[in-house]
Amino acid sequence: MATIASEQTIPAAETRKRAFRLAPSAISYLQAMPLIAILGFFFILPIAMIAVVSFWDYDFAGIYPDFLTMNYTDTLGSWVTWKTYLNTLKFTVVVWALTLFIGFWVAYFLAFHIRKTSTQMILFLVCTVPFMTSNIIRMISWIPVLGRNGLVNSALVEMGIVPQPVEWLLYSDFAVVLAMVHLYTLFMVTPIFNTLMRIDRSLFEAARDAGASGWQVLWNVVIPLAKPGMAIGTIFVVTLVMADFSTVQVMSGGQSASVALMMKNQMSLLQYPAAAANAVVLLVVVLMMVAAILRVVDIRKEL
């Protein structure tokens, strides 16, 4: 009898041990539940609702639950939409190239030419000072600078460089790009600066000992190691520019268009299903661009 009791006790003990081994995994899932709930409610659910509404019908009086592909056919079958997407991509490419160039050299200067960490932090905080005001205020601050009677035109006319004020400085694609570069350059500086600060300085000494010049060190050591930061900054800038409508509307004077501005106009006309279809298409385009970036550069080391 004692032998039978001991044989029955051993499986029971093993079962308790197995249950105890599973407990940590269950606890980890419980710990992740708040984050899952927040992401599901504030991220996944709104996107799902937009996708559902994009198939609904609408008229001037309201929107009606249905399952129609009309909104997508109207969006993808219109040359106006394609032209608007190309214009948005043009802004994205130009702003990305300028912010990457400016952001890299600003980050390079802060990381390698400023010796004291305290000075680096102070200068970096100086770069963030404009973010203490809203994007709208920083954007419209260019109007008295670039206007017909603004600071730039007044200086050019007084110095005799131009006989009359330059018209294309404001309410043009130039003004849109300039304002976007001003707004989004810091989103490129921050990740690149963070990446450059992680580079082992002994690599520079090894490259110089091998006979590399300053430009060779920059091209063969600094830039390859800075690619993850460049990729993260690119994702920030691309997503922000693709979703920007206020800058395009104000700085172009209504003479240019973007996909986000088109959606804003559709919503103002109560064409919510059409705007939702455009939002889904824009989301797919942005995700494809981000996926292409992630295929080229591995940013897991920076996350």
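In the chain, the longest principal axis of the Cα atoms and the axis of helix 79-108 are about 80 degrees apart. Counting only alpha carbon atoms, the long axis of helix 272-296 and the longest principal axis of the chain meet at about 80°. Computed from point charges on the beta carbon alone (+1 for Lys and Arg, -1 for Asp and Glu), the dipole magnitude for segment 78-302 about its Cα centre is near 320 Debye. Placing a pseudo-label 7 Å from each Cα along the Cα-to-Cβ vector at Trp168 and Tyr64 gives an inter-label distance of 4.9 nm.
Determine the relative contact order of segment 178-303: mean sequence separation of Cα pairs under 8 Å and six or more apart, normalised by residue count, in whole percent. Working shown, then result.
On the way: 98 pairs, mean separation 34.7, N = 126.
Normalised by residue count, the contact order of segment 178-303 is 28 percent.
The structure shown yields Rg and Dmax of the Cα atoms in Å, and of the options (i) 18.5, 59; (ii) 19.6, 59; (iii) 27.5, 113 that calculated value carries the label (iii). Between Cys127 and Val157, the FRET efficiency from the beta-carbon distance, with R0 = 35 Å, is close to 0.60. Computed from point charges on the beta carbon alone (+1 for Lys and Arg, -1 for Asp and Glu), the dipole magnitude for segment 181-275 about its Cα centre is near 80 Debye.
For segment 175-263, the ratio of Cα radius of gyration to the globular rule of thumb 2.2 N^0.38 Å stands at 1.52. For the pair Arg300 and Leu225, a Förster radius of 22 Å applied to the C-beta separation gives a FRET efficiency near 0.90, rounded to the nearest 0.05.
Taking 28 Å as the limit for the C-alpha separation, the pairs Lys90/Lys116; Lys83/Lys264; Lys227/Lys264 exceed it in the case of Lys90/Lys116; Lys227/Lys264.
Placing +1 at every Lys and Arg Cβ and -1 at every Asp and Glu Cβ, with all other atoms neutral, what dipole size does segment 16-160 have around its Cα centre, in debye to the nearest 20?
Details: 10 positive and 5 negative charges, 239 e Å.
Rounded to the nearest 20 debye, it is 1140 debye.
Compute the relative contact order of segment 78-302 as a whole-number percentage, counting only Cα pairs closer than 8 Å that sit 6 or more residues apart in sequence. Please report the intermediate quantities before stating the final value.
Details: 232 pairs, mean separation 60.0, N = 225.
RCO, segment 78-302: 27 percent.
Peptides 52-60, 100-108 ranked from most to least packed give 100-108, 52-60, packing being the mean of other C-beta atoms within 10 angstrom over each peptide's residues. How tilted is helix 117-128 with respect to the longest principal axis of the chain? Cα atoms for both, answer in degrees (0 to 90, nearest 10). The two axes meet at around 60 degrees. Packing order of peptides 245-251, 84-90, highest average first: 245-251, 84-90 (average count of other Cβ atoms within 10 Å over each peptide's residues).
Ranking Gln31, Gly77, Val241 by Cα position along the charge dipole of the chain, where only Lys, Arg, Asp and Glu carry charges on their C-beta atoms, puts Gln31 farthest toward the positive end. Backbone amide hydrogens, once placed in the peptide plane, bring Asp57 within less than 5 Å of Tyr64, Asp66, excluding anything fewer than 5 places away on its chain. Highest mean packing comes first when the peptides 70-78, 39-47 are listed by Cβ atoms within 10 Å, giving 70-78, 39-47.
All of the numbers you see were taken from the coordinates with simple rules; none came from a lab. Quantities reported herein were computed from a predicted structural model and do not represent experimental measurements. So basically every Cβ, Gly included, is an ideal-geometry build from the backbone, and we count neighbours across all protein chains shown.
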